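Chemist: Following this message is one structure expressed as structure tokens.
The values are calculated or read from the model by the stated rules, or taken from the named source; none is laboratory data. Because the structure is a prediction, the values reported are computed rather than measured. Cβ: placed from backbone, ideal geometry, glycine included. Neighbour counts: every protein chain shown. Just the protein is used for accessible areas: all its heavy atoms, side chains included, with ligands, DNA and RNA removed. Shrake-Rupley method; radii C 1.70, N 1.55, O 1.52, S 1.80 Å.
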Amino acid sequence: MSAADTTAPAKVPPARPAPPPTPPAVTSSPTRRLAGGAAVPWALLAPCLLILAVVLGYPLVRLATLSFQEFGQSQLWGFKPAESVGFDNFAKVLGDSEFWAVVVRTIVFAAACVVFTMVIGMAIALLLQRVSGWVKTLINIALVASWGMPIIVATTVFKWLFDSDYGIFNALLSKLPGVDMIGHNWFASGPEGLAVITLLVVWGAVPFVVITLSAGLTQVPKELEEAARLDGAGAWGVFRYVTLPILKPIIVMLTTLSVIWDMGVFPQVFVMRNGHPEAEFQLLTTYSYDKAFVVNDYAQGSAIALLTVLLLLGVIGVYMRQMLKIGEVE
């Protein structure tokens, strides 16, 4: 018997069974994915938008409706129906010389508040970069405390400071040689009284500006400042060509917010004048209030308020334009 006959044949392993066919994956179309992704932000914003529509939308619509109607006490109590008068309320308001005097006074007042707030706030923010940590902490605590003080409380304090009989400010000024301010009434004239109110508004607005600008100054690279100094730039040159361009978006935002807030100043004037601001103290907010709730001409008061809103929308438009320009440069 040969060796070939004694050798067993090799066993071939059985073939593996083929895997079951994979079911086709269900893929959503790109259009469906984009639609679902775009709906998520709106769903998250829906509660906030609903609250804004209720809190701001309805009063604004009601304000616009009243401004085109004849609406006084008779209409308020239901003795007469509110009739549409078209643009008559706006014609009366815009044709009143007192209204334009109030507009000019409001613009000058707001401009003074904004300029002093931004200049003082920037100066304090720059000084905070040069003091030690514990001094900066104490100043920040004082700023937050003054910022958190209620407006009515701050106004009451300022009324006492500038009181003609017991005011400490008159007493301090009278200690200067040749100065006698005892019994001086700061509210006897409009310019002096508005100067006091401007000081009150600036005092309440500076802390927010300082804290915001201090946060922005931490983002200014020290290397750029050092390079500018090596190139021969002084303190003003470093601030103008390095610090100011970096802080420009923050400055634009703060300036716009300050304009909106200072154009809407009401409690400071109202409380400082004991609820009855004289003609030389009237701003757009108090003028609208007097027309509506003192003269009981709610339609004209609404028209003045709507004109104020349109004026502020113009300010917001300028702000958006500046921010878009800054975005294009970046």
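Chemist: Measure nothing fancy, just the Cα-based angle from helix 298-329's long axis to the longest principal axis of the chain, in degrees from 0 to 90, nearest 10.
Modeler: So the helix axis and the longest Cα principal axis differ by about 50 degrees.
Chemist: As an exercise, find the ratio Rg/Rh for the chain from alpha-carbon atoms, using the Kirkwood inverse-distance average for Rh.
Modeler: On the way: Rg = 33.7 Å, Rh = 25.8 Å.
A ratio of 1.30.
Chemist: Lysines within cross-link reach of Lys291: Cα-Cα under 19 Å, excluding same-chain residues under 8 positions apart?
Modeler: Straight-line reach from Lys291, under 19 Å: Lys92.
Chemist: Further question: Are there any trypsin sites (Lys or Arg not before Pro) in segment 157-226 that are in a DSSP loop and have at most 12 other Cβ atoms within 10 Å? List them by number. Intermediate values should be presented prior to the final figure.
Modeler: Working: sites: Lys159, Lys175, Lys222; in loops: Lys175.
Of the trypsin sites (Lys or Arg not before Pro), the ones in loops of segment 157-226 whose Cβ has at most 12 other Cβ atoms within 10 Å are Lys175.
Chemist: Tell me, what ³J(HN,Hα) does each residue in segment 79-85 have, in order and in whole Hz, if you take phi through Karplus 6.51 cos²θ - 1.76 cosθ + 1.60 with θ = phi - 60° and put x for Gly and Pro?
Modeler: Values per residue, Gly and Pro as x: 6, 9, x, 6, 9, 6, 10 Hz.
Chemist: Still on this structure: Under a straight-distance cross-link criterion of Cα-Cα below 22 Å, which lysines are reachable from Lys248, leaving out those fewer than 8 residues away in the same chain?
Modeler: Lys222, Lys325
Chemist: What's the percent breakdown of Cα-Cα distances in segment 103-245 across 10 Å bins, shortest bin first?
Modeler: Cα pair-distance distribution for segment 103-245, in percent: 10, 28, 30, 20, 10, 1.
Chemist: About the Cα centre of segment 57-118, how large is the charge dipole given +1 on each Lys and Arg Cβ and -1 on each Asp and Glu Cβ? Please answer in debye to the nearest 20. Kindly include the intermediate steps, with their values, before the conclusion.
Modeler: Working: 4 positive and 5 negative charges, 35 e Å.
Dipole of segment 57-118, to the nearest 20 debye: 160 debye.
Chemist: Something else: From the phi of every residue in segment 131-148, what ³J(HN,Hα) in whole Hz does the Karplus formula 6.51 cos²θ - 1.76 cosθ + 1.60 yield, where θ is phi - 60° and glycine or proline is x?
Modeler: For segment 131-148, the Karplus-derived couplings read 9, 6, x, 6, 5, 4, 5, 4, 5, 5, 5, 5, 5, 5, 5, 5, 5, x Hz, x marking Gly and Pro.
Chemist: Can you give me the % of accessible surface on segment 114-225 that is carbon or sulfur? Probe 1.4 Å, all protein chains present, nothing else counted. Spell out each step's value before the answer.
Modeler: On the way: 4640 of 6370 Å².
The nonpolar share, carbon plus sulfur, comes to 73 percent.
Chemist: Okay, next question. What percentages make up the Cα-Cα pair-distance distribution of segment 198-265 when the bins are 5 Å wide from 0?
Modeler: Bins of 5 Å from zero give 3, 16, 22, 19, 14, 12, 8, 5, 2, 0 percent of pairs.
Chemist: Whose amide H sits under 5 Å from the amide H of Gln69, counting only residues 5 or more places off or on another chain, with H placed in the peptide plane?
Modeler: Correct list: Val85.
Chemist: Give the share of C-alpha pairs in each 5 angstrom bin for segment 197-330, from 0 to the last occupied bin, in whole percents, shortest bins first.
Modeler: 2, 9, 14, 14, 15, 13, 10, 8, 6, 5, 3, 2, 1, 0
Chemist: What are the ³J(HN,Hα) couplings of segment 289-294, residue after residue, when phi is run through the Karplus curve with 6.51, -1.76, 1.60 and θ = phi - 60°? Round to Hz, x for glycine and proline.
Modeler: For segment 289-294, the Karplus-derived couplings read 4, 5, 4, 7, 10, 9 Hz, x marking Gly and Pro.
Chemist: Quick one: check the C-alpha center-to-center distance for segment 176-239 versus segment 257-273, whole angstrom.
Modeler: 19
Chemist: Here's something else I'd like to know. Taking 1 over the mean of 1/r across every pair of different Cα atoms in segment 253-330, what Kirkwood radius in Å do you get? Spell out each step's value before the answer.
Modeler: Details: mean 1/r = 0.0713 Å⁻¹.
Evaluated on segment 253-330, it is 14.0 Å.
Chemist: Can you give me the accessible area per residue for the chain, using a 1.4 Å probe, in Å²? Before the final figure, lay out the partial values.
Modeler: Numbers: 20980 Å² over 330 residues.
Ligands and nucleic acids excluded, the figure is 64 Å² per residue.
Chemist: What Kirkwood hydrodynamic radius do you get for segment 36-160 when you take the inverse of the mean 1/r over all pairs of distinct Cα atoms, in Å? Each step should come with its number before you reach the end.
Modeler: Numbers: mean 1/r = 0.0483 Å⁻¹.
That comes to 20.7 Å for segment 36-160.
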